[in-house]
1. Being under 24 Å from residue 251 (Cα atoms) and in contact with a strand residue (DSSP E or B) (Cβ under 8 Å, 6 or more places away or on another chain) narrows it down to one of 10, 80, 26, 102, so name that one.
2. Among the residues of the range 112-138, which ones are open to solvent by less than 80 Å² (accessible area, probe 1.4 Å), among the hydrophobic types (A, V, I, L, M, F, W, C) and in contact with a helix residue (DSSP H, G or I) (Cβ under 6 Å, 6 or more places away or on another chain)?
3. Looking at the range 33-50, is at least one residue within 27 Å of residue 253 (Cα to Cα), open to solvent by 30 Å² or more (accessible area, probe 1.4 Å) and either in a helix (DSSP H, G or I) or at pLDDT 90 or above (or both)?
4. For the range 250-273, enumerate the residues that are touching a helix residue (DSSP H, G or I) at 6+ places or on another chain (Cβ under 6 Å), without any contact (Cβ under 8 Å) to a residue 60 or more places away in the chain and open to solvent by 40 Å² or more (accessible area, probe 1.4 Å).
5. Could you look through the range 198-222, keep only residues that are in a loop (DSSP other than H, G, I, E, B) and touching a residue at least 24 places away in the same chain (Cβ under 8 Å), and pick out the one that is most open to solvent (accessible area, probe 1.4 Å)?
6. I'd like the residue in the range 223-248 that is among the β-branched types (Val, Ile, Thr) and without any contact (Cβ under 8 Å) to a residue 40 or more places away in the chain and, out of all such residues, is most open to solvent (accessible area, probe 1.4 Å).
7. Which residue, of 128, 148, 157, is touching an Asp or Glu at 6+ places or on another chain (Cβ under 8 Å) and modelled with pLDDT under 85?
Amino acid sequence: MPFEEKRNRVLLSLYQLTQISPHVDVYELEKLADVGDDYYTILRYIGGPGEGLLKKSNEVVRITAEGIKKSEELLKMQQVEKERLVLKKIYELSGPTHTDYVLIDRLSKELGMQFRELNGILLDFERRKGWLGDSPDEAVKLSSAGIREVENPGGDRTVGVKYETHFHAPFQGGYIQGPGGTQHIVIKNEFDEAIYKLLQGVEHSTDLSPVQKMTVAGDIKTVQQLGQIERTPEVIEAANSKIETVESVLSSTADMVSLGMVVIPIIRAWFGV
């Protein structure tokens, strides 16, 4: 494994463990990172002058603000790379014209990706990016836009495209009024998209109780409302407080951890925190 990859692996492992506690045991981090004999060399390197991504004191490691920022950048890059990999694999498996159906089960096996994660990416391709055509539940097929995206990445993108979706959940407040309610949400930018994904994740979570779902959804709604007004110091402080509350719940909820690690950095970036 190249040194840079090991470095990123240690940093992201630290970021992950920091979601549980800001004070990370050096041996627990070593086990999770699994980078072999270079572990302590990497700790010294990324904690040293010019990097400053972590601080180590005896057997405790803490991530710095710069380390958090770097981790969130890496996670975002990884997600983009993962999406490109999925799109390319559909293209490769969809026949000479790239319009054949590809079974989702086969796609999952070819990519070595869990269904839950793959399904989230495919839904994004279908609903937001328009890269998938009409398909049966068990398969996917590229749209003409999806084919163009593989053959000419970014060449046909339209700025400011909006799309409409629905929430069906017993949330309270501005999103949903009562069980089974239907709400039309227009996604305008990356921030709104992150909010949308969070609310969908909360809706479909099997690890959150109904009360927790309502509470977290309310906090997410508050963050969105704060994101729509002038970002004064007071607004930023209020948003940061709510984001931390939401992040705390996500990091302790098994089926929400991965989603939180992807979308929370986007929401934080919106407020510059």
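The values are calculated or read from the model by the stated rules, or taken from the named source; none is laboratory data. Quick caveat, the model's predicted, so the values are computed rather than measured. Note that we place each Cβ from the backbone using ideal geometry, even for glycine, and neighbour counts take in every protein chain shown. Note: accessible area is taken over every heavy atom of the protein model, side chains too, but ligands, DNA and RNA are not part of it. Shrake-Rupley method; radii C 1.70, N 1.55, O 1.52, S 1.80 Å.
1. On the way: 10 fails: in contact with a strand residue (DSSP E or B) (Cβ under 8 Å, 6 or more places away or on another chain); 80 fails: in contact with a strand residue (DSSP E or B) (Cβ under 8 Å, 6 or more places away or on another chain); 102 fails: under 24 Å from residue 251 (Cα atoms).
Criteria check complete, one pass: 26.
2. To start, the set of residues in the range 112-138 that are open to solvent by less than 80 Å² (accessible area, probe 1.4 Å) comprises 112-113, 117-125, 129-133, 135-136.
This time we only want the ones that are among the hydrophobic types (A, V, I, L, M, F, W, C), so: 113, 118, 121-123, 125, 131-132.
Once the filter is applied, which keeps residues that are open to solvent by less than 80 Å² (accessible area, probe 1.4 Å), among the hydrophobic types (A, V, I, L, M, F, W, C) and in contact with a helix residue (DSSP H, G or I) (Cβ under 6 Å, 6 or more places away or on another chain), the range 112-138 yields 118, 121, 131, 132.
3. Scanning the range 33-50, I find at least one residue that is within 27 Å of residue 253 (Cα to Cα), open to solvent by 30 Å² or more (accessible area, probe 1.4 Å) and either in a helix (DSSP H, G or I) or at pLDDT 90 or above (or both), so the answer is yes.
4. Within the range 250-273, 273 is the sole residue that qualifies.
5. Among those residues, the one meeting the criterion is 206.
6. Within the range 223-248, the match that is most open to solvent (accessible area, probe 1.4 Å) is 229.
7. The conditions single out 128.
Matching residues to (1) at pLDDT below 85; (2) in contact with an Asp or Glu (Cβ under 9 Å, 6 or more places away or on another chain); (3) of a type outside the set (A, V, I, L, M, F, W, C):
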| position | (1), (2), (3) |
| --- | --- |
| 208 | no, yes, no |
| 222 | no, no, yes |
| 234 | no, no, yes |
| 239 | no, no, no |
| 250 | no, no, no |
